[in-house]
Structures are given as structure tokens and as C-alpha cells.
Amino acid sequence: MSQDLYQLSATDAVERLKAGDITPTRLVEAAFTRIAATDKHLNALPTLCPERAMAHAKRIEDENRRGVARPRAWLGGLPISIKDLMPVEGVRTTFGSPIYADHVPNESDILVEILEANGAIVIGKSNTPEFGAGASTFNEVFGKTRNPWNVAKSCAGSSGGAAVSVAAGQVWLAHGSDLGGSLRTPASFCGIVGLRPSPGRVPRGPIPLPFSSLLVNGPMARNVPDVALFLDAMSADHPRDPLALPPPSTSFAQGVREAKPPKRIAYSRNLGQFPIDKEVAAICAGALRHFTDMGTIIEEAEPDLHDAVEIFQVLRAAKFAAERAELLRTQRDKLKPEVIWNIEKGLRLDGETIGRAEIARGALYDRVCRFFERYDLLVCPSAIVPPFDVDVRYVEAVEGVRFDNYVAWIGITFALTLTACPVLSVPAGITVSGLPVGIQIMAPPRADAAALGAAALFEQASGLAKRLPLDPLSPSGTKLPLV
């Protein structure tokens, strides 16, 4: 029975925890059993904390016996993974960098504190590229993380280990973060759901740039209702995050259950500027029939994002320079080439260039707001390619178009980052070779519930969520041996 618990959805597992049908300790045991069976093929959760997790589970069980009151977003003792960019007290946190290979923080991020107070049990840290830089998950500390749909393929990044831990049934929910697509691209590559919420929806801190809205934390899960459940547990108004928003009066989980089809959506094949693999384009366009069947009007359109690439590259580089310049000066030999390139790019910027990018982002945001006066949602592919070889550092060319840097190929996600709108990736289909492809669903500013509701209805129509959790597959498509 314990070995089958990993197959439960997070929503079902939490309901059973609240009813007392299963205990937190049983779920923790089931999670570690599944990790032991699968992670030798995947390398999704290289750092585990079984003693800490079991102690937390027993505390919850003791509080349950004493009748301790619980918050609205109570997860009941559900095991989760935390991305290795976020500190967890007493747990090795490397940021994917040799510089921090032995780092053990003495304080958790406020999001971890919020989640643990809401009944989540941290069982380990998910693998990520160094400082989250890059959309393929590998680093010099732990090595490569592999895609369970085909272990010879990349899981993308930077929340790659998080996506894999969910897809393979190692955990029911995974924390991720997203700057340029770090939640959405791995979700697409691994056939799961990842939400980049509105800035401030999920508090974080302390961080060096608390007023920046480029980087957000968010939920990853096997289906949309589970993502909504996790977002409820993450949402809080917190004084240490100056952007934090109060939770909505109606829970995101309830909003998903009551969702109604959107009236009019815009579909863009490539946001008007990015090359896209022909099979990916066909799968995403074909998936629109699920919205058409709901009675939704679909029009081909996209907001004016003509300067998004330049804006993002400037603001991203400025962020790297602000946060990592000292490491470049003192420990350059331990940084990967892509991180060095991004820091140096930022150091070459002047105030006028950064200022122009900020002003241009403001104008872009206004154009997007006007765009949503006509449309309920914007839909487009989550990635311009299907999962690629795990030994490839980044995509260098698509459909004859070559890229000149390591993040250029994820422009279809980072262009939407600049809008500050909630956007998620949900599975749209499967390639001929058996690899998942996702679509992005973006809603107007702060309309996280609308994005989740539409994605839930789309997911119900597609039926793709039923394919998870997944036993790791070989390149030939056969199941790899489990312990």
C-alpha cells in the first residue's frame, strides 16, 4: 500500500491526510522509497534530509492528536521538494555552484517557513544549474538531471530537478522559481504543470533585490488542481517581502473547481518573432481544439513585444552584475562560462542603458494591458523545441536560426516574464518520439485564478495528466529497472 501512495494526486493525498486515512510518516516513507527506486536514473533530488523530514512528520502527528488548529491552506504533512537555490535551515544548499558545495544555511527562506507552517514537509533539494543560470539542469556539484520520459534527454531548467521529482512521482508537489522560463520550460519538457505567478503572489526573502519583479517562486505539480492547492499554501502577505500580495478571498483550489471557459483567447504561434520546431508548432496549434470545443473564440494575435529580447537581456545582465560581481572578482575560476558571460555583460552596461530598458519595459506592460482589453488570455508554445540531448548545454539553432548566447532560445518564455502577468505551462501533446510538449497560458495582471481555471478545463479535455507519475524510460522507450 505504501508503495502505491506516490500515485495519488496531491489533492487526494491531502484529503486523506486531513481525514486521518494516512499519516505524514507513511507519506514520507513512500516518498523516500520512490526516490530510492528512481533517482539513480534521474538525479533529480541529490540532497535529501530524511531525519529532518521524519521529525517534522512526527511533530505534525503529535499536534493532530492534541487537536491543534490548522490554517486554511493546510497541506496535512505532504512531502515536497525545494529547489536548490532556496535556503532551508540545516539542509545543504549549494545553489548548484562549487563555491557553495558545503554550504548549510542556519535560516530558511520565508517561503519555506510559510510552507512548513502550512503542513508541507521538506524532504530534499532539487537539482538546478549554477545559480539557476541556464535552461538545462547540470552543474559541477551534482552533475546532470535526466528526463524521465527519456533519460537521454534534457529536463530543461532551471527548475529541472523540481519538474523531474514531480513527473517521476518522487514528490507530490515541487517548489520552483522562474526568471526567464525556469518553471515553464521544465514543465513543458517533463509533461507537468508549472505556474509563474504574479510578482508578489508568493513571498520570498531575504534576497538581494527584493523590489525586482523578474524572479518569482511558484508551484509545480502533475495537474492543475494540485498547482492551485500548492499556490494556496504558498500565498501570504509578509512584511519582509515588499511586493507581497494578500491571499485572495476565494482560494485558488476553489476557483479551479468553479472554472468557466474563457470567451475569447489570442493564440500566437511564436509571439511574432521566435523560430519554432515544426512538430512543436503543429502540436500546440492542434491542441487549440480543446478550447474551440468549449465554445471559446480563438483569434491569432499577440501583443507588441518587439523589444522584449533587448529589454530582458539588459535587465537580466544588470541583475547578474548586481548579485554576482564579487564572485567574479574573487572566485572566477569556479564559475561556469555562461555565468561569467552574464556578469561581464552586466558590468559593461551604463546607467542610461539600464534606464532605457526599464522605461521600455513600462511601455511594453502598458501595451499588454491594452491587449487584454480584447482578450481573456494569451496562449502560445512553452518551448520552441521538444526535449533535446541531455549532453547539450543549450540550444544553439532552430529551423535555421542561430542564437548568439545561452538564454536566447527561451525567448518565448522570457518575453512574457517582462509583462508581470501570471503564466503557466500545461501539457499540450506528445511528439512522435514520445516526448511531451506544453503550451503557455497567460492571463491579465494579477489574474492568477483565470490562468489556472482555463488550464484546468484544457487539462480535463486533453487527458494528458493521467500519464503521470512516470517510471523512468530508456531511449528505446522501455522502463528502466527500479529497486
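Conditions (1) assigned to a loop (DSSP other than H, G, I, E, B); (2) closer than 12 Å to T47 by Cβ; (3) not polar (S, T, N, Q), marked per residue:
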position	(1), (2), (3)
G76	yes, no, yes
I80	no, no, yes
T93	yes, yes, no
E107	yes, no, yes
I114	no, no, yes
K125	no, yes, yes
F131	no, no, yes
S136	yes, no, no
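Check D376 against each of (1) surrounded by fewer than 24 Cβ atoms within 10 Å (Cβ to Cβ); (2) touching a helix residue (DSSP H, G or I) at 6+ places or on another chain (Cβ under 6 Å) and name the one condition it does not meet.
(2)
Look through the range 96-105, keep the residues that are surrounded by fewer than 22 Cβ atoms within 10 Å (Cβ to Cβ) and part of a loop (DSSP other than H, G, I, E, B), and return whichever of them is farthest from the chain's Cα centre (by Cα).
D102
Given the conditions (1) surrounded by 23 or more Cβ atoms within 10 Å (Cβ to Cβ); (2) under 28 Å from T250 (Cβ atoms); (3) not acidic (D, E), report the number of the one that F414 does not fulfil.
(2)
Return only the number of the condition from (1) under 15 Å from E310 (Cα atoms); (2) in contact with a Gly (Cβ under 9 Å, 6 or more places away or on another chain); (3) of a type in the set (V, I, T) that V339 does not satisfy.
The single condition V339 does not satisfy is (1).
Which residues, taken from the range 46-73, are part of a loop (DSSP other than H, G, I, E, B), of a type outside the set (D, E, K, R) and in contact (Cβ under 8 Å) with a residue 60 or more places away in the chain?
Passing the criteria: P46, C49, A73.
Condition check ((1) of a type outside the set (K, R); (2) over 21 Å from D12 (Cβ atoms)) across all residues:
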position	(1), (2)
G143	yes, yes
R146	no, yes
V151	yes, yes
S154	yes, yes
A167	yes, no
G176	yes, yes
I192	yes, no
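Can you report the number of residues in the range 1-44 which are farther than 16 Å from P469 by Cα, assigned to a loop (DSSP other than H, G, I, E, B) and in contact with a helix residue (DSSP H, G or I) (Cβ under 7 Å, 6 or more places away or on another chain)?
Final tally of qualifying residues: 2.
Out of all the residues in the range 427-483, which are among the polar types (S, T, N, Q) and in a helix (DSSP H, G or I)?
Of everything in the range 427-483, those that are among the polar types (S, T, N, Q) and in a helix (DSSP H, G or I) turn out to be Q460, S462.
From I121, I110, which residue is more than 17 Å from the chain's Cα centre (by Cα), of a type outside the set (S, T, Y), at pLDDT 95 or above and surrounded by fewer than 24 Cβ atoms within 10 Å (Cβ to Cβ)?
It is I110.
Could you tell me which residue of the range 176-231 is nearest to S462 (Cα to Cα), considering only residues that are of a type in the set (S, T, Y) and not in a loop (DSSP other than H, G, I, E, B)?
Across the range 176-231, the extreme among qualifying residues is S188.
What is the residue count in the range 456-477 for residues that are among the acidic types (D, E) and surrounded by fewer than 17 Cβ atoms within 10 Å (Cβ to Cβ)?
Residues that pass the stated criteria total 1.
Would you please list the contacts, defined by Cβ atoms under 6 Å and residues six or more apart or on different chains, that run from a residue in the range 369-387 that is modelled with pLDDT of 95 or more to a residue that is among the aromatic types (F, W, Y)?
From the range 369-387, the pairs are V379/Y267; I384/F274; P387/F189.
Just checking, which of P337, P261 is farther than 29 Å from T431 by Cα, surrounded by fewer than 19 Cβ atoms within 10 Å (Cβ to Cβ) and either in contact with a strand residue (DSSP E or B) (Cβ under 6 Å, 6 or more places away or on another chain) or at pLDDT 95 or above (or both)?
Answer to the selection: P337.
Can you tell me which residue within the range 138-149, out of those that are in a strand (DSSP E or B) and at negative phi, is surrounded by the most Cβ atoms within 10 Å (Cβ to Cβ)?
N147
Kindly indicate which of G161, G205, G176, G169 is of a type outside the set (K, R) and farther than 15 Å from L45 by Cα.
Criteria check complete, one pass: G205.
Being in a loop (DSSP other than H, G, I, E, B) and acidic (D, E) is the requirement here; does D404 meet it?
Answer is yes for this residue.
Please verify whether L364 is closer than 30 Å to A455 by Cβ and outside any helix (DSSP H, G or I), treating the condition exactly as stated.
Answer is no for this residue.
Among the listed residues R72, R65, identify the single one that is surrounded by fewer than 16 Cβ atoms within 10 Å (Cβ to Cβ) and within 24 Å of V166 (Cβ to Cβ).
That would be R72, the only listed residue that is surrounded by fewer than 16 Cβ atoms within 10 Å (Cβ to Cβ) and within 24 Å of V166 (Cβ to Cβ).
Taking the range 248-283 as the region of interest, how many residues are within 30 Å of S235 (Cβ to Cβ) and of a type in the set (A, V, I, L, M, F, W, C)?
So the count comes out to 7.
Cβ contacts < 6 Å: first residue closer than 15 Å to A415 by Cα, restricted to the range 352-367; second residue in a helix (DSSP H, G or I) and at pLDDT 95 or above, any location; separation 6+ or different chain. Result?
Correct list of pairs: A357/I311; A357/V314; A357/L315; A360/I311; R361/I311.
For the range 386-435, which residues satisfy the criterion of being under 16 Å from G180 (Cβ atoms), among the small types (G, A, S) and out of contact with any Lys or Arg (no Cβ under 8 Å at 6 or more places or on another chain)?
Those that are under 16 Å from G180 (Cβ atoms), among the small types (G, A, S) and out of contact with any Lys or Arg (no Cβ under 8 Å at 6 or more places or on another chain): A408, G411, A415, A420.
One residue is enough: does the range 359-367 have a residue meeting the conditions of a type in the set (S, T, Y), surrounded by 14 or more Cβ atoms within 10 Å (Cβ to Cβ) and at pLDDT 95 or above?
Yes, the range 359-367 contains a residue that is of a type in the set (S, T, Y), surrounded by 14 or more Cβ atoms within 10 Å (Cβ to Cβ) and at pLDDT 95 or above.
The values are calculated or read from the model by the stated rules, or taken from the named source; none is laboratory data. The shown structure was predicted, so the numbers you read here are calculated from the model rather than taken from an experiment. Every residue, glycine as well, gets a Cβ built from its backbone with ideal geometry; the counts of neighbours run over all protein chains shown.
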